[in-house]
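Structure record follows, encoded as structure tokens.
Quick note: the coordinates plus some simple rules give every number you see, no bench work behind them. Because the structure is predicted, anything quoted here is derived from the model rather than measured. Please note: Cβ atoms are built from the backbone with ideal geometry, for glycine as well, and neighbour counts cover all protein chains shown.
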Amino acid sequence: MAMTKGKSSSRKKSTGAKKPTAKQLEAQNRARRQMWAVVLFALGILFGALALVKGDSFWNTLHNLLFGLFGWGGFLICPILIYIAVMTALEKPSGDIGHKLWQTFVLVALLCGAVQIFTLGIPETEGFIATAKQLYYSGEAMHGGGLAAGLVGVPLLHLFGKLGASITICLLIFVFVMVITGGTLIDLYQSAAQPVKKLEEAYVERVSDERRRPKFNIDVPLDDEPLPAHPVKSPKGSMDRSGVSKAKEKLLDSIAPLPPLAEGPVAAEEPASHKLDAKLLKPQFRCDPEPETQDKLPKEESKEQSAESENSAYLDDIISKLITVDKDAIPPKEEAGPAAEPAEGGTVLAQDLPWVDSPDELSSPETEPEQEPGDAAPGDLPLEDQEILIKDPQVPVYSFPPITLLNEAPPAKNDDVTEELKANAQRLVDTLQSFGVQTRIIDICRGPAVTRYELQPSAGVKISKITGLADDIALNLAAAGVRIEAPIPNKPAVGIEVPNKVVTTVSLREIIDSSEFMEAKSRVSVALGKDITGNIALADIAKMPHLLIAGSTGSGKSVCINSIIMSLLFKSSPDEVKFLMVDPKVVELGVYNGIPHLLVPVVTDPRKAAGALAWAVTEMLNRYKTFAETGVRDLSGYNSLCEEREDLHPMPQIVIIIDELADLMMAAPNEVEDSICRLAQMARAAGMHLIIATQRPSVDVITGVIKANIPSRIAFAVSSQVDSRTILDMGGAEKLLGRGDMLFSPVGAAKPIRVQGCFVSDKEIERVTSFLKEGEKHEYDQGIIEEIDKQAVAEPKGKNSGDGGGFNDEDEMLPLAVECVIEAGQASTSLLQRRLKLGYARAARLIDDMEVRGIVGPFEGSKPRQVLISKDRWIEMKLNNQQ
């Protein structure tokens, strides 16, 4: 008994010893590595002292032994050991320390062999011992690679000769250097390509400086005689706009070949070189480009400034190389002043002349009095508008609103963000490293509201391990939340998007005033904002061809709709684009009443809204019938045919904007859904496009049929991942910041693009609409208004209309079942069976009927169905049914 007790007690003691945890093992390994780092550093100092100091007595013996063994390679042992010690202390090298040591010994032997190959060659002695003695004494006299050269160098000389041995030893040294340092071919290529990139940047900068200081002269007449130059046709929509447009480039090409004056101060350059430089003048922005107030980040860190550790120095280099901002950012455009006074000889430099959109404006250098926008003379209009005036003098000419009606972008702060980016990048790498994820920063892109840190994980690291640390990263960065894009399309990296401390407002004016927007060929190109790299984000409605916008209240949905409408007002005339606006909330789109682009006043009644959509379906069918009669396939082909045949009239594109779909789906769900689906399926070729917005992204509003026919979506900030999946079919929108932060998923895109939407205020909208309403009053098409009224009156009030109609021909227990589920707050078949004492089949039919009427939500597996209406709404539905 005593022996058994002793065995059991000893067994308990042995089992009681706990195994070390992973953190304890990691701490032990870290302490062991630090100890080895100290030992290797001391050995490196010792070998350096032996190599440099000859000394006396036993020290001299060790000195001679070192050079007898390694020759000139004795000087290399010290830096190699110190390098391995530093990397071990920083926990950079992967693998065991013993492996690094034997790799170091092999590298030293290779270097000694290289010294022997390139200096002495094959020893003249014969025999192994004689050859070893000669190698030792030659190394001691510092004439070769020492005894270690006999391990690799001498055998290679005997096998391949001097040339072959030289090539082979160089390749072996390269391989072992890459193994010890842990470098890759990609790192080698990037370090080799860096000087070439710097030379290219310097060349582009020099070319841009020469471009901004043109040296050719232009002869401007001093009298009122017009220039003999041929008139240049101005593109549509270029009136009252600043910036360099295509018309200005044509004008420059037409005046550049003029012969220079004999007594001019500067000779004219060849136009060929001028055109060649124009291709190099597009600035490449990696951060958000702000005119003149752009954060200027240093391109090179001072090499003399010592860092606390190798990680800090490496991060400084990454920050300085990756965050590139064009120093010569395009300055803000200034108002065109009077023409410069001509110099002696009647010559005016090109940079002193204001840009013009038509060569007719160069008829006199004197300043002419400004005309009102609506009082332009026929000779000052583009050629297309002059032709319209000749054909029909009573047709009013549309005047595009001037860009000055919009507010300029607020000046950005000149704070240096280098320290913020450096600190966030270092903290990000340290956070992932603390969880055992080895990564390195390869790029940083700073946008108006978000900065994306692009990390390349080490080999063997799963992307799911990084995405699972999103909350920990946000905690360590003290950010409200981070969004991880893994992987970034067309890049072998993971993007971690961190909110900026200072958000830069993107104004609508800087987007409309950009060359990208002006040069867009489509008449339905709209401004969205700036993407995460700071580039202009535009969208072509004709290619979408329909758009769904969804997000919670206050996320920027209404501002996005207003910016789209304003973009079309600045881009297209009423003959090119027409609007059909539906605003059940009454107050959002009412400011646009009276502009010439509207077909009918903004529709606010939900029943008339269903009639307006029904009219749009009828108009679509009529257009297709016209296309079939004329033998064309789409609207562009028909309008091209109208230019050849005088009996045909061109048709405008129609953009149908619905501001709040949820209200329409509650009033007339099936009529609205049927019209939207027919338009989404067939209206593209007819030149009709839908833009639908809603603040309730639920499946009863954004139904599967609507999502299937509207491939382009914009998601603003939502409350849950379920809502994000309803809009985009993927998560991500729940981590947006709000205030214009959006995910734009155009048709055909693999992943949505993060965009900071442009901002347009109510005062700017009022100024633009007031400008468009001036002059002759716009009269709506009464035929369309009457047709919409007829469609609204003819809408059926059947069982699917959503007004609760048709109860008389249904189950008599349906009203009781509706009241039962409203009181319970949820709906299920078993609930109706218990409360109303019904069978399973009848209770299931009642649930199906309530789902068809929009009273309860769809089937959700084992969970009860949601009730979609309130008790007050149910009472209203019953009153409408009685009437």
*asked:* Sorting check: for 189-196, 579-586, which peptide has the highest mean count of neighbouring beta carbons within 10 Å, and how do the rest follow?
replied: 579-586, 189-196
*What is the list of residues in the stretch 858-873 whose amide nitrogen lies under 13 Å from a point 7 angstrom out from the Cα of Val722, following Cα to Cβ?*
858-868
_Nothing charged except the Cβ atoms of Lys and Arg (+1) and of Asp and Glu (-1): what's the magnitude of the dipole of the stretch 814-882 about its Cα centre? Round to the nearest 20 debye._
240 debye
*Please work out whether the stretch 680-780 counts as rounded, prolate or oblate from its C-alpha gyration tensor, where a ≥ b ≥ c are the square roots of the eigenvalues and a/c under 1.5 means rounded, while otherwise a/b larger than b/c means prolate and anything else oblate?*
oblate
*Among the GluC sites (Glu not before Pro) in the stretch 101-170, which ones are in a DSSP loop with at most 10 other Cβ atoms within 10 Å of the Cβ? Mind listing them?*
Glu124, Glu126
*If you count, for each residue, the other Cβ atoms within 10 Å and average over each peptide, how do 858-870, 661-673 line up from highest to lowest?*
661-673, 858-870
*Residues Asp430, Asp540 arranged by fewest to most Cβ contacts within 10 Å*: Asp430, Asp540
*If Lys and Arg each add +1 and Asp and Glu each add -1, what is the summed charge of the other residues whose beta carbon sits under 15 Å from the beta carbon of Thr694?*
-3
*Per residue, how big is the convex hull around the C-alpha atoms of the stretch 23-183? Give it to me in cubic angstrom, could you?*
116 Å³
*Between rounded, prolate and oblate, where does the stretch 38-124 land on the alpha carbon gyration tensor, with a ≥ b ≥ c its root eigenvalues, rounded for a/c under 1.5, else prolate if a/b exceeds b/c?*
oblate
*Gain on full stretching of the segment that runs from Tyr840 to Leu648 - 0.36 nm per residue minus C-alpha separation*: 62.8 nm
*Starting with the highest mean, order 613-620, 696-703, 432-439, 54-61 by the number of other Cβ atoms within 10 Å, averaged over the residues of each peptide.*
613-620, 696-703, 432-439, 54-61
*asked:* I need the shape label for the stretch 814-882. Rule: rounded when a/c is under 1.5, else prolate if a/b > b/c, else oblate, with a, b, c from the alpha carbon gyration tensor.
replied: prolate
_Using 21 Å as the Cα-Cα cut-off, could you pick out the over-long pairs in Lys465/Lys735; Lys521/Lys763; Lys571/Lys773; Lys501/Lys735; Lys501/Lys751?_
Lys521/Lys763; Lys501/Lys751
*Calculated from backbone phi, Karplus (6.51, -1.76, 1.60) coupling profile of the stretch 597-602 in Hz, x at Gly/Pro*: 7, 7, 6, 9, x, 4
_Of Tyr840, Ser862, Met850, farthest towards positive along the dipole that unit charges on Lys, Arg, Asp, Glu beta carbons give the stretch 825-875_ = Tyr840
*asked:* Between Asp430 and Ala479, how high is the FRET efficiency from 1/(1 + (r/R0)^6) when r is the Cβ-Cβ distance and R₀ = 22 Å? Nearest 0.05.
replied: 0.90
